[in-house]
Amino acid sequence: MKKVVIIGASTGIGYAVAEALASRGIKVGVAARRTDSLKALKEKYPGFVEYMSIDVTSADAPDKILSLIALLGGMDIYFHVAGILDENLYLDPEREVRTVNTNASGFAASLSTAYRYFRNSRRKGQIAAVTSVAGTKGIGRLAAYSASKSFCQQYMVALEQLANAEEADITFTDIRPGWIKTPLVDSERVYPMEMTVDYVLPQIIKAIVRKKRVAVIDWRWNLLVGAWRLLPDALWVRMKMSISTPEPPLPTVSQQIEEARKWRAQHV
């Protein structure tokens, strides 16, 4: 029986994949910062779900991931979904760093833990992760997000090269979706070529099962990012990209200060 660990499974893609696997009799170990939905999933599929509270930005995240693997009784597939999206138009430094810490630093800490588990235990395994089409090029309105997703994609390339050098039997699957209607995005805004979780779920599972190296979801986004790759940076940086309709106005200085104060009060 396959055992799958999913990090970032409280909502959206991670939760949908976890439920789809558990409903098919596959054992899943799920984790997120908030665990209410994970507890409910375990109650719905007793014997097939184990869960744990894990914040990928915490120093103890690697140890907790290993504890979740042990609780599950081993791991065959590691699936990383944890991430945040912040359209930080006025580039508040704290928010930019928060995005990078979660999407890049947390990603590296988590995937390196999964890699060491497979390599050190000499187990055949698969490491899959949701990155984004935004990692194709730096997007001005999503500076930290697009840059962090590019980091994720290159980190997986580096791990694959290392696996080949060390003769570790690990395969890698980089899933790059376009806009998906999840709690990650603003529910009151309309995004271009937006997709639902139900629509992308079978495509994501198929990419993992078939061990596809890179899966851009869906075909429309595949065509678009193919065009993006052909554009030289000198032309790309002159493009005015809109990522949603309608676009919010830039906040005033006083609004920026007030929002920064509220954010610090909630997170510091």
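Data for the structure
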quantity	calculated
Computed E for residue 20/residue 165 - FRET, C-beta separation, R0 35 angstrom, nearest 0.05	0.55
Among the listed pairs 137/240; 42/181; 240/262; 64/181; 42/211, those beyond 19 Å (Cα-Cα)	42/181; 240/262; 64/181; 42/211
Radius of gyration and Dmax over the Cα atoms of segment 1-139, both given in Å	15.2, 49
Kirkwood hydrodynamic radius over Cα pairs of the chain, then Stokes diffusion coefficient at 25 °C and 0.890 mPa s, in µm²/s	127
Net charge of Cβ neighbours under 13 Å - reference residue 61; Lys, Arg +1; Asp, Glu -1	-1
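Here, each number is a calculation from the coordinates, and none is a lab measurement. Remember, predicted model here, so these are calculated numbers, not experimental data. No Cβ is skipped: glycine too gets one built from the backbone with ideal geometry, and neighbour counts run over all protein chains shown.
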